[in-house]
Amino acid sequence: MIDSFVESIWVARPGISDADARRLSATADALIAACPEAAQPRSLGRPSEVRGRAHRYVSTHLRDPELSVTGVARHLGISVRALHLAFASEPETIGNLIRRLRLERARDDLLIERSERGLVAVVSRRWGFSGPASFARAFRREFGCSPVQWRRSKAILDQ
């Protein structure tokens, strides 16, 4: 509760006058005094539990173009740093996990031929990429060829 209050103040800080800042500070102090347990950091759980919750959230929100490391951390109620620490022992970061899963789903969609679902621009938007060019660059880095080349190679193999 207090986390949300302080975060909203932080976001609005450029437009807050000194007098309002003093009043908001007094309000935060009163909230902490009224319910000190709310000001305590949340238990993060074991890193494996955090990773499991993060994986579930990411898997169900891959199509959301706003999906980000910050958004995952916010959903889990932990800091971005704590989320990165939970993934420290893993072979990929949470950001790389999001990108890899999106690319894998997009790659699967590219196999659908002669339909709107298979168009590179449509596929890139569906899986949260900012546009076909950034999608094509990420695809090439991950799979070693462009989306169109990959689709053509699969079409040849399927004949």
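The values are calculated or read from the model by the stated rules, or taken from the named source; none is laboratory data. Remember, predicted model here, so these are calculated numbers, not experimental data. Positions of Cβ are backbone-derived with ideal geometry, glycine not excepted, and every protein chain shown enters the neighbour counts.
Enumerate the helices (runs of 4 or more DSSP H) found wholly within segment 47-159, keeping only those where 1 or more residues are among the acidic types (Asp, Glu).
On the way: elements: 47-60, 69-76, 80-86, 94-110, 120-126, 132-143, 147-158.
Ranges flagged: 47-60, 94-110, 132-143, 147-158.
Please determine, by comparing only the residues of segment 93-120 that are within 14 Å of Arg151 (Cβ to Cβ) and loosely packed, with under 15 Cβ neighbours inside 10 Å, which one is modelled with the highest pLDDT.
Checked segment 93-120; the qualifying residue modelled with the highest pLDDT is Asp108.
So, in segment 37-48, how many residues would count as being loosely packed, with under 13 Cβ neighbours inside 10 Å and either under 13 Å from His84 (Cα atoms) or modelled with pLDDT of 75 or more (or both)?
Of the residues in that region, 2 qualify.
Surrounded by fewer than 15 Cβ atoms within 10 Å (Cβ to Cβ) and at pLDDT below 95, is that true of Arg126? Let's see the steps before the verdict.
Numbers: surrounded by fewer than 15 Cβ atoms within 10 Å (Cβ to Cβ): no; at pLDDT below 95: yes.
No: the conditions fail for Arg126.
For segment 56-79, enumerate the residues that are surrounded by 15 or more Cβ atoms within 10 Å (Cβ to Cβ) and among the β-branched types (Val, Ile, Thr).
Selection gives Val58, Val69, Val72, Ile78.
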